[in-house]
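Throughout, read-outs are computed from the coordinates displayed, never taken from laboratory work. A quick note: this is a predicted structure, and the numbers were derived from the prediction, not measured.
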Amino acid sequence: MHILSWLKTELPDYWPNREKLVHILEYLAAVGQCQHNAALEWSADAAVAAVVAGAVRNDHI
């Protein structure tokens, strides 16, 4: 299932809270790129969070 479809299904208030979701995903992407967290092998998760943040940011009706 496409991630945007999944988010819209699982988050009934997706549209009104889309900007908050983008901020959360961007935060996770940034935290995962910190030197300490990258050593904990979070860099792959951070990269995915950044991609999903971009998809949510560019989503429109």
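Taking the helices alone, the chain has a mean residue ellipticity at 222 nm of -22500 deg cm²/dmol, built from -39,500 (n - 2.57) per DSSP H run of at least 4 residues and averaged over all its residues.
Taking 0.36 nm per residue of separation and subtracting the current Cα-Cα distance, fully stretching the chain between ALA47 and GLU19 would add 8.2 nm. Roughly speaking, what % of Cα-Cα pairs in the range 3-58 are separated by over 19 Å, rounded to a whole number? Looking at the range 3-58, the distances longer than 19 Å represent 30 percent of pairs.
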